[in-house]
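Novice: Below you will find the structure I want to go over with you.
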Amino acid sequence: MSVVTAHQSSSISPVMPTYNRADLAFDHGEGCYLVTGDGQRYLDFAAGIAVNALGHNHPHLVQALKGQGEKLWHVSNLYRIPEAERLAQRLVEHSFADTMFLTNSGAEAWECGVKVIRKYFSHQGQPERFRIICVDGAFHGRTMAGISATRQTKMIDGFGPLLDGFDVVPFGDLGAIVSAIGPETAAIHLEPIQGEGGIRPLDASFLQAVRALCDEHGLLLYLDEVQCGMGRTGKLFAHEWAGITPDVVSAAKGIGGGFPLGACLTTAGAAAGMVAGSHGSTYGGNPLASAVGNAVLDVLLEPGFLDQVADTGDRLRAALTSLHQRFSVIETVRGAGLMLGLKLTDQLAAGDLVAALRERHLLTVPASDNTVRLLPPLIIEQTHIDEALTALEDSLASLMSTTKTMEGASP
Ligand code: PLP
């Protein structure tokens, strides 16, 4: 192994090369499309990884951003922020939560949830209860706590020692969760639908059973809805489909429609220890971010909007299911609402399908478990579904004919 000293100059891009970026840059967005500088249009079924909930350049969001931008961008959380108060009040009215901490990202929202849980038990005189049961394949962001709650090598390699306090159990294994509960356990933590993990949903009955377990053992139920929340499944929060009430939820991505914003939502009881000085953020919930967050909510909460998301999701799913019947490389179609995944067999790598789709000007996102994620803006229409289906059909047909030719070729 060659040794590189920290001050040694070597060739590295000015932007730290932590991403395998496609050689593609966009100039602007129009609704569900992204457009390159030379006018090439791409149908965006990636939506900035489930962020651009209302697509690009949504007039209501642009108006809110411009309006607030000309008034006041930022003040410290040392002062009252009416836009943030309004955003929090509205989210409280439409969710299980009584209170929330506003952040700039999903990782911060998630980490706040961990702190709320630890504080809750220490506040109750049980500081020894700090362990959180987490699930294999989950993704909670790239902070030290976030990566400590996963076992994915690429995320943790070289970053140790990891933070103590996370017990990772296999996905969808209730028995493993039961076995992991001990005297130091504080909470059970799940993504109702794993995003990066490959669009892996948990059944309503599983979530209900975990809620019951939490009640039986006096544990908090913490859900990560950074990817599956904010209307993506056709309910404001994905757990609503299971009819359960969590104690803590992290949200982000769609909440700001593209403006960096996140929220850690909790019940009053769970947040009992979160008093002045216990947590903070310079930017979290600043006037600009909160104004955009309110504008996103204006649309999400319009009567019928979320039902429309569920309905569009059903139609996209039906279209994908028809592909599943025709292309054996699709092992299964899974997810909910407009958070759908094509799990592929080992005959085709998800990354290859994503690249082929990109060549046909359809943007999607690869995920673990050899899955292609379809996370379009929540405002897509039937024409977008049809266009995506054509790109998928063409890509799959072309990739399959290549595979067959290669299989048929003599050595
Ligand atoms: N939690 C989940 C479920 C996510 O999908 C993500 C990001 O993809 C995060 C947390 C981290 O969010 P961020 O990248 O905004 O920090």
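The values are calculated or read from the model by the stated rules, or taken from the named source; none is laboratory data. This structure is a prediction, so every number in the text was calculated from the model and none was measured. When we count neighbours, we look across all protein chains shown, and the Cβ atoms used for this are built from the backbone with ideal geometry, even at glycine. Areas reflect the complete protein model, heavy atoms only, side chains present, ligands, DNA and RNA absent. Shrake-Rupley method; radii C 1.70, N 1.55, O 1.52, S 1.80 Å.
Novice: Of 101, 327, which has the most accessible area with a 1.4 Å probe, and how do the rest follow in descending order?
Specialist: From most exposed to least exposed: 101, 327.
Novice: Dipole size in debye (nearest 20) for the stretch 313-385 around its Cα centre, Lys and Arg Cβ +1, Asp and Glu Cβ -1? Show your work: numbers first, answer last.
Specialist: Details: 8 positive and 7 negative charges, 28 e Å.
Using only the charged Cβ atoms, the result is roughly 140 debye.
Novice: How many percent of the accessible area of the stretch 280-332 is carbon or sulfur, using a 1.4 Å probe? Intermediate values should be presented prior to the final figure.
Specialist: Numbers: 1080 of 2170 Å².
Result for the stretch 280-332: 50 percent of the exposed heavy-atom area is carbon or sulfur.
Novice: Would you list, by chain and number, the lysines whose Cα falls below 28 Å from the Cα of residue 119, excluding same-chain residues fewer than 8 positions away?
Specialist: Within the straight-line cut-off, residue 119 pairs with 253.
Novice: Sticking with this structure for a sec: Cut-off 10 angstrom, C-alpha nodes, Gaussian network model of the chain. Which of 55, 29, 269 fluctuates the most?
Specialist: Result for the chain, Cα springs under 10 Å: 269 fluctuates most.
Novice: Using bins 5 angstrom wide from zero, how does P(r) for the stretch 346-387 break down, in % of all Cα pairs?
Specialist: Result returned by the calculation: 5, 22, 27, 22, 16, 7, 2.
Novice: Could I get the Rg over Rh figure for the chain? Both from C-alpha atoms, Rh via Kirkwood, rounded to two places.
Specialist: So for the chain, dividing Rg by the Kirkwood Rh gives 0.98.
Novice: Further, regarding this structure: Grab the DSSP H runs of the chain that are 4 residues or longer, score each as -39,500 (n - 2.57), total them, divide by all residues and round the 222 nm result to the nearest 500 deg cm²/dmol.
Specialist: Helices in the chain give a 222 nm mean residue ellipticity of -11500 deg cm²/dmol.
Novice: OK, next. State, to one decimal in nm, how far the label point of residue 397 lies from the label point of residue 115, with both points 7 Å from Cα in the Cβ direction.
Specialist: Rounded to a tenth, the inter-label distance reads 5.5 nm.
Novice: Sticking with this structure for a sec: Pick out, from 135, 170, 156, the residue whose Cα sits farthest towards the positive end of the charge dipole of the stretch 131-171, with +1 on the Cβ of Lys and Arg and -1 on the Cβ of Asp and Glu.
Specialist: It is 156.
Novice: Related question: Could you give the radius of gyration (one decimal) and Dmax (whole number) of the Cα atoms in the stretch 109-160, in Å?
Specialist: For the stretch 109-160, the Cα-based Rg and Dmax read 12.3, 37 Å.
Novice: For the chain, what does the relative contact order come out to in percent, with C-alpha contacts under 8 Å and a separation of six or more?
Specialist: After rounding, I find 21 percent.
Novice: Step through the residues of the stretch 24-35 one at a time and calculate ³J(HN,Hα) from phi using the Karplus curve (6.51 cos²θ - 1.76 cosθ + 1.60, θ = phi - 60°), rounding each to whole Hz and writing x for Gly and Pro.
Specialist: For the stretch 24-35, the Karplus curve yields 8, 10, 10, 9, 7, x, 9, x, 8, 10, 10, 10 Hz.
Novice: Please compute the net charge surrounding residue 106, taking Lys and Arg as +1 and Asp and Glu as -1 over other residues with Cβ under 14 Å from its Cβ.
Specialist: Once positives and negatives cancel, what remains is -3.
Novice: Can you send over the solvent-accessible area of residue 27, 1.4 Å probe, protein chains only, in Å² to the nearest 10?
Specialist: Surface accessible to solvent at residue 27 totals approximately 100 Å².
Novice: Shifting gears a bit: Residue separation times 0.36 nm, minus the C-alpha to C-alpha distance between residue 301 and residue 352: what's the value?
Specialist: Between residue 301 and residue 352, full extension yields an extra 14.6 nm.
Novice: Keeping all protein chains in place, calculate the accessible area per residue for the chain (probe 1.4 angstrom), answer in Å².
Specialist: 46
Novice: Let me ask you something else. Determine the dipole magnitude for the stretch 50-198: charges of +1 sit on the beta-carbon of Lys and Arg, -1 on that of Asp and Glu, nothing else is charged, the reference point is the Cα centre, and the result goes in debye to the nearest 20.
Specialist: Working: 13 positive and 16 negative charges, 84 e Å.
In total the dipole reaches around 400 debye.
Novice: Near residue 56, within a Cβ-to-Cβ distance under 14 Å, what is the net charge of the other residues, with Lys and Arg +1 and Asp and Glu -1?
Specialist: -2
Novice: To continue, here is another question. Accessible area of residue 191, 1.4 Å probe, to the nearest 10 Å²?
Specialist: Counting only protein heavy atoms, residue 191 exposes about 10 Å² to solvent.
Novice: Evaluate 2.2 N^0.38 Å with N set to the residue count of the stretch 1-92, then give the Cα radius of gyration divided by it.
Specialist: For the stretch 1-92, the normalised Cα radius of gyration is 1.64.
Novice: Counting only protein heavy atoms and a 1.4 Å probe, tell me what percentage of the stretch 23-70's accessible area is made up of carbon and sulfur.
Specialist: 50
Novice: Here's a follow-up. Could you sort 79, 222, 33 by accessible area so the largest value comes first, with the probe set to 1.4 Å?
Specialist: Accessible-area ranking of 79, 222, 33, largest first: 79, 33, 222.
Novice: Another question about this same structure. So how far apart, in nm, are the two label points at residue 24 and residue 76 if each is 7 Å from Cα heading toward Cβ?
Specialist: 4.4
Novice: Search the structure for amide H atoms under 5 Å from the amide H of residue 141, placed 1.01 Å from N in the peptide plane, and list their residues when 5 or more places away or on another chain.
Specialist: none
Novice: Taking all protein chains as present, what is the carbon and sulfur share of the accessible area of the stretch 129-194, in % to the nearest whole number, probe 1.4 Å?
Specialist: 58
Novice: Work from the charge dipole of the stretch 1-122 (Cβ charges, +1 for Lys and Arg, -1 for Asp and Glu, about the Cα centre) and give the residue of 11, 52, 91 farthest towards its positive end.
Specialist: Positive-end residue among those listed: 91.
Novice: Size of the dipole of the chain about the Cα centre, Lys and Arg at +1 and Asp and Glu at -1 on the beta carbon, nothing else charged, in debye to 20?
Specialist: Details: 29 positive and 44 negative charges, 112 e Å.
The calculated dipole for the chain is roughly 540 debye.
Novice: To the nearest 10 square angstrom, how much accessible area does residue 139 have with a 1.4 angstrom probe?
Specialist: 50
Novice: Something else now. Multiplying the sequence separation of residue 275 and residue 10 by 0.36 nm and subtracting their Cα-Cα distance, what value in nm do you get?
Specialist: Full extension of this stretch gives 90.7 nm more.
Novice: For the stretch 214-311, state what percent of all Cα-Cα pairs lands in each successive 10 Å bin, counting from 0 Å until the bin that includes the largest distance.
Specialist: Here the calculated profile for the stretch 214-311 is 14, 40, 34, 11, 0.
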